[in-house]
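The values are calculated or read from the model by the stated rules, or taken from the named source; none is laboratory data. Because the structure is predicted, anything quoted here is derived from the model rather than measured. Every residue, glycine as well, gets a Cβ built from its backbone with ideal geometry; the counts of neighbours run over all protein chains shown. The protein model used for the area step is the full one, side chains on, heavy atoms only, and it has no ligands, DNA or RNA in it. Shrake-Rupley method; radii C 1.70, N 1.55, O 1.52, S 1.80 Å.
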Amino acid sequence: MFRHFSRLLLLLVFMLILALVWRQSWQHQAAEQEHRAQQQLKVYRAALESEIARFENIPRALQSHPVLLNALEQPGSPDTINRANRLLQQLAEDTGVEALYLIDAHGLTLAASNWHTPFSFIGQRYRFRPYFTDALNGDVGEFYAVGATTRTPGYFFGLHMAGQDQTKGVLAAKITLKKLEQSWQLAGEKVLVVDKEQVIALASDTQLKFKTLVPLSPEARRRLDQDRQYAPMSLAPVRITRHGPQIRWQKALYGTSELALPRLQWRMQLWWPSRQLSVNATLLTALTGVGLIALLLLLLYWRQRRRYYRMQAKARCELEQQVMSRTAALAASNHQLEQQVKERTQAEARLRAMQHELIQTNRLAALGQMAAGVAHEVNQPLTALRNQSVNTLLLSERGRYAEVKTSLQTMERLIDRIARLTSQLKLFAATRRSTKGQSDLNEALGNVMSWLASRFATQGVELKLSQPDTVLLPIELHALEQILANLLSNSLDALNGHHHGVITLAAGQHWLQVKDNGPGLDAGIRDKVTEPFFSTKQAGQGLGLGLSIVRDLTEASDGRLTIQHPPGGGVLFHIDWSANEQSPH
């Protein structure tokens, strides 16, 4: 009972250590990512403030311009308004401002740089805009909104103006931040600018722009409607869910970093993918677990060795005592000593016999495993040879000697393949031998189909091909033939007795996949099917080496084998060599 409790306690401590390692690793990575994100946000904030500051002094430079003051004092003079329009148009073109316009004290636009465009501001009233009321009261007005006339979002500046006759007005400028958002998009990061009402005013992702992080309250909705700040945008909430310090948006987890902006009470956010943090933490936890297990095994080994030495020392001590006690009666116990010597000699003989038997058993097991692998691989070309021999006899009886020659050439290739298999047992004894090379998929498939054509015909299985005319794969020809033969044979076995069986073979540069519409694999054995001697077939119908050989040959050519389960059923084997290419497909 105590031993069981000790083991349970040790397991709990082990799990607690792994949990702490995972948490500390994740928090450390998150802290580093937060630091990098804050540095990046400072760069983005500086760029935004620089872009806005580049234009905010333009209205100040025009605040006392006589042409604009005359237009404000004489709004009824066409000539004065025309000069003001052309002045504002020229300044807008020179500075890159989207629009410059002059507004009287009642909010009516008198002159504008876009006077000649279909979306001219002239005659429009902007009394409802906060930048107008702030500037009219003597403050510098700043505001970000969707244009009431153009429907184009922009940043607005307003500056108070007064003529010599104390006529009041506002000189306004509108700039667009579209190029800044486009630079964020090119950086490939999710950058957001959120206003005080939780509305995303600027975003690198257009799907987030003019959405809200939380549902708007009635008061916030009323304020926005009063200023017509984002009209006609719907301002729908972003569909995000929170998972602790992370958020999930569009099936992806993100960490969020935030930096305050002094203008308009804005906040700048950076969403960075956080899945890799969990992957790294899990990997570190796994390595820690392996290290702890290795340390525990070393401690157990050391303890066992110590116990062994103690037992030996104790045995030596006891033997010495026995020798000393029996020395005095040596003559009387001579027969007994001879009997003990005989027994020990017999025990040593039995020990040597057992060691010899153990060595023989290990040798037989190794030979059996190698023979099983070779038998599995040789069985396919032997089956193909049998089929080809039958076909050759039929063709010779019918006098079709040209096809007889082709069949005999195929049989010669199969015999060469058997020779290669018997001379390359190291593919089974050392599966990590490199099989990198280059081979034509059509050539390998033609050789394999010459072995398996009769099985396709007998079972009524259809083979569909989806590939370019020429596909060169980075693997040796005989290795590719073994992969195709094993995958197609497994699919044929899975489709045995299945009506309308279809096997689809698709390929491209640096990838290959084989799919069937059979019953598929149970979830419990998906991770075991590539283990040696694991088979789902009945006893005697398979050795369980096919997928193990496919996996080893694939990895020996620097490829990767994955087993997928399409929604329509069946199994899909996908082999990918693109990780070693500079431009993967």
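The table that follows gives values for the structure above.
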read-out	value
Given (1) out of contact with any Lys or Arg (no Cβ under 6 Å at 6 or more places or on another chain); (2) modelled with pLDDT of 85 or more; (3) polar (S, T, N, Q); (4) outside any helix (DSSP H, G or I), index of the condition S489 fails	(4)
Condition met for G163 (within 14 Å of K209 (Cβ to Cβ), of a type in the set (G, A, S) and open to solvent by less than 50 Å² (accessible area, probe 1.4 Å))	no
Condition check for E51: acidic (D, E), open to solvent by 30 Å² or more (accessible area, probe 1.4 Å) and over 24 Å from V140 (Cβ atoms)	no
Matching residues, segment 495-516, being part of a loop (DSSP other than H, G, I, E, B), within 22 Å of F456 (Cβ to Cβ) and open to solvent by 60 Å² or more (accessible area, probe 1.4 Å)	N496, G497, H498, H499, H500
Selection count, segment 2-22, where residues are free of Cβ contacts under 8 Å to residues at least 60 places away in the same chain and open to solvent by 80 Å² or more (accessible area, probe 1.4 Å)	13
Among (1) within 26 Å of R263 (Cα to Cα); (2) in contact with a His (Cβ under 9 Å, 6 or more places away or on another chain), the one test that L62 misses	(2)
Yes/no for T212 being under 32 Å from the mean Cα position of the chain (by Cα) and exposed (fewer than 11 other Cβ atoms within 10 Å of the Cβ)	no
Within segment 293-338, considering residues that are farther than 30 Å from L11 by Cα, open to solvent by 100 Å² or more (accessible area, probe 1.4 Å) and among the charged types (D, E, K, R), the one farthest from the chain's Cα centre (by Cα)	E338
Neighbours by Cβ (under 6 Å, 6+ apart or cross-chain): first from segment 559-577, outside any strand (DSSP E or B); second open to solvent by less than 10 Å² (accessible area, probe 1.4 Å) and among the aromatic types (F, W, Y)	G559/W577
Residue check for I575: out of contact with any Pro (no Cβ under 6 Å at 6 or more places or on another chain) and at pLDDT 85 or above	yes
